[in-house]
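The values are calculated or read from the model by the stated rules, or taken from the named source; none is laboratory data. Fair warning: this is a prediction, and the values are worked out from it, not measured in the lab. Here the Cβ positions follow ideal geometry from the backbone for every residue, glycine too, while neighbour counts run over all protein chains shown.
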Amino acid sequence: MHLDPGIVAVVMIFSIPLVAIIGGLGLEALKVMKKSKGLDQQLTSEETATLQELHRLALQMEKRIEALETLIMDRSQQTESSWSEKLQREPWRNP
């Protein structure tokens, strides 16, 4: 299967922010763990709620990116003949 370089670029554009967000969450978790270890403190309820919200948002973004990747991959797998047929029927809708 041959993938168009443009499709690969779009997938990477959507994947890179996801990796950055997950990495940021990991760093924040390490900071919190180090802080609580060094000072022997527990997380405040506000910090816990913030971390839970960040985790929920990261999972939601991951699902959206996966959906976009699926749409992009499906679109890239369409044959040239289906595009030419569509253009013949609707020439004003040139993508």
Enumerate the pairs (first residue in the stretch 11-35 and under 13 Å from Leu68 (Cα atoms); second residue anywhere and surrounded by 13 or more Cβ atoms within 10 Å (Cβ to Cβ) and among the β-branched types (Val, Ile, Thr)) with beta-carbon separation below 7 Å, excluding pairs fewer than 6 apart on the same chain, so at least 6 apart or on different chains.
Val11/Ile72; Phe14/Ile65; Ser15/Ile65; Leu18/Ile65
Give me the residue from the stretch 33-72 that is touching a helix residue (DSSP H, G or I) at 6+ places or on another chain (Cβ under 8 Å) and at pLDDT below 80 and, out of that set, farthest from Phe14 (Cα to Cα).
Gln41
